[in-house]
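This report concerns only the one structure given below.
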Number of protein chains: 2
Amino acid sequence: MADKNASRPSNPNVSVDCVVFGFDDEQLKVLLIEQRTSGDFAPQLALPGDLVLQDENLDESATRILKELTHLEGIYLKQFKAFGDPDRVNNLKDQEWLRTVRENPDARVITVAYYSLVKMEAYRPEAASFAGKVIWQNVSEIPELGFDHNKIVNEALARLREEFEFKNIAFELLPKKFTLTMLQKLHEIVLGVQLDKRNFRKKLKKSDTLQPLDEKQSGVDHKPAQLFKYTSGRK
Amino acid sequence: MADKNASRPSNPNVSVDCVVFGFDDEQLKVLLIEQRTSGDFAPQLALPGDLVLQDENLDESATRILKELTHLEGIYLKQFKAFGDPDRVNNLKDQEWLRTVRENPDARVITVAYYSLVKMEAYRPEAASFAGKVIWQNVSEIPELGFDHNKIVNEALARLREEFEFKNIAFELLPKKFTLTMLQKLHEIVLGVQLDKRNFRKKLKKSDTLQPLDEKQSGVDHKPAQLFKYTSGRK
DNA sequence: ATGACTAAGTGTACAAAATACACTAAGATT
DNA sequence: AATCTTAGTGTATTTTGTACACTTAGTCAT
């Protein structure tokens, strides 16, 4: 039957998966959810993702799904790649999981992947009732994930780094208010290098993308830093 | 009925569309095909694209479809974005065309877009029997295309320019052998600027991405230029 | 064969950007 | 008042980018 259909157009399931990177002044993490099948399989970890609905566009879908699964909202998600290997769902556990939650478990699943970057403290995810739990996993210690999600995470990470190296600025991917030290730390974490404080700031000044706020850092036991926001421009 | 399905998972058609840019030492063009419906509509232009088959991955699909529609082969196609607005097929002519050639004309169509850049002389497209004809259209004079293909072309062009500006090198998107002047011309066409010959070459030298061949340009009525290829590395 | 034509190929001086580097300032805590 | 902690700032050097003009190798016409 697979053979008979091989040269026919597919009517695949289409899903979105979200790679949400979080940083906490120390490490870069990824948001994962625990999947429990109705069968006997041990729970496994995977990216938050689900099928696209009939009347929503892809961006809306990503936003909705992330919210439904983790209660995270107000996060800018950037589409970065579609993954569509015919056998990207290729083990029993994954198939069982699809059977548990999806309509056409036998059709292939093409997924459109999004990534984002958030400050962990500002976004405390909670698992949806049906989604096991939600965890922040260190990017350097990611276990085997369901589907092809390890591949998706790796490509997202590569894209994130490119974004930082070339555009040189974290742009949409940050909370509203931040200090320059936080911003620098973030670049260091993402790029995996040490940066010079003065040079980093010099570059920021010229790039003209930051605006100082009338507000200072609070709750620290030392000289409070100036808070900044991005100058509007991008969506 | 659309309402009833609004919050159901969609089983969309999934297609790929190819934005093939061509350059001819003068202008940047895009490869378009003419679509004829079985109805009374005038033919319209669109990107070469079609539905993904059951057992092929997205890259394979793009390669196959481009070949089927235009007989172009051996071209590196780079996936750059999925387009999935629910109403991206939103006029009668497009719907009629889908009805003519597709299985599930009423389902939405999510498309995965690819782009490429080729030297026009090296690739002479011929229309498939069922595909009206194939034309190279100047990018500065693109008429209204079917579906959301104008949007797709614009985003592809933006991506192409980014690629040239940041990576600074045309990489996979070129024929095997070329002269430095050709390469420079290409950069000038894509970026829409004039470049200095000596500076351009100096940069190339440092970037270390080119290898001189044992071969010189032929068929010109002046001093023949050295031919180069890219040093392997990328796929 | 000579001269004229055409694009190839090459170097240097100047400007701009990136890097390396260390001390003073402001607030909090005792 | 003294101490602790992170914020905040400038200059000298190196690297990279830019502006600019002449000589060379081949073809074509006489």
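Give me the residue from the range A:175-210 that is in contact with a strand residue (DSSP E or B) (Cβ under 9 Å, 6 or more places away or on another chain) and among the aliphatic types (A, V, I, L, M) and, out of that set, farthest from A:LYS223 (Cα to Cα). Checking each candidate, the answer is A:VAL190.
Scanning the range B:17-39 finds one or more residues that are modelled with pLDDT of 90 or more and within 13 Å of chain A (Cβ to nearest Cβ). Kindly indicate the residue of the range A:204-235 that is surrounded by fewer than 13 Cβ atoms within 10 Å (Cβ to Cβ) and in a helix (DSSP H, G or I) and also farthest from DNA strand D (Cβ to nearest atom) among those meeting that condition. Looking at residues that are surrounded by fewer than 13 Cβ atoms within 10 Å (Cβ to Cβ) and in a helix (DSSP H, G or I), I get A:SER207. Scanning the range B:103-125 for residues that are touching a residue at least 60 places away in the same chain (Cβ under 8 Å) and away from chain A (no Cβ under 14 Å) turns up B:SER116, B:LEU117, B:VAL118, B:LYS119, B:MET120, B:GLU121, B:TYR123, B:PRO125. Taken as a whole, the structure places B:ILE65 among residues that are hydrophobic (A, V, I, L, M, F, W, C) and within 12 Å of chain A (Cβ to nearest Cβ).
Checked against the criterion of being under 25 Å from A:LYS185 (Cα atoms) and either polar (S, T, N, Q) or within 14 Å of another protein chain (Cβ to nearest Cβ) (or both), the range A:83-102 contains not a single residue that satisfies it.
In the range A:205-224, the residues that are within 17 Å of A:LEU183 (Cβ to Cβ) form Cβ pairs under 9 Å with partners that are assigned to a strand (DSSP E or B) and within 12 Å of DNA strand C (Cβ to nearest atom), at six or more places apart or across chains, as follows: A:PRO212/A:GLN226; A:LEU213/A:GLN226; A:GLU215/A:GLN226; A:LYS216/A:GLN226; A:GLN217/A:GLN226; A:PRO224/A:LYS216. Of all the residues in the range A:90-117, those that are surrounded by 20 or more Cβ atoms within 10 Å (Cβ to Cβ) and modelled with pLDDT under 85 number 3.
Hey, among the residues in the range A:197-216 that are in contact with a helix residue (DSSP H, G or I) (Cβ under 9 Å, 6 or more places away or on another chain) and within 23 Å of A:ASP24 (Cβ to Cβ), which one's farthest from DNA strand C (Cβ to nearest atom)? For the range A:197-216, the residue satisfying everything is A:LEU210.
Restricted to strands (runs of 3 or more DSSP E) entirely inside the range A:78-138, those with at least 2 residues that are over 30 Å from B:GLN79 (Cα atoms) and not polar (S, T, N, Q) are A:134-138.
Quick grid of which residues meet (1) over 25 Å from A:VAL109 (Cβ atoms); (2) buried (at least 19 other Cβ atoms within 10 Å of the Cβ):
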{"site": "B:GLN27", "(1), (2)": "yes, no"}
{"site": "B:VAL30", "(1), (2)": "yes, yes"}
{"site": "B:GLN35", "(1), (2)": "yes, yes"}
{"site": "B:SER38", "(1), (2)": "yes, no"}
{"site": "B:PRO43", "(1), (2)": "yes, no"}
{"site": "B:GLY49", "(1), (2)": "no, yes"}
{"site": "B:ASN57", "(1), (2)": "no, no"}
{"site": "B:SER61", "(1), (2)": "no, yes"}
{"site": "B:LYS67", "(1), (2)": "yes, no"}
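Reported count of residues in the range A:136-159, each being more than 14 Å from chain B (Cβ to nearest Cβ), exposed (fewer than 15 other Cβ atoms within 10 Å of the Cβ) and among the hydrophobic types (A, V, I, L, M, F, W, C), is 0.
The values are calculated or read from the model by the stated rules, or taken from the named source; none is laboratory data. Bear in mind that the values here come from a model prediction, so they are computed numbers and not experimental data. Neighbour counts are summed over all protein chains in view; Cβ atoms, including those assigned to glycine, are modelled from backbone coordinates with ideal geometry.
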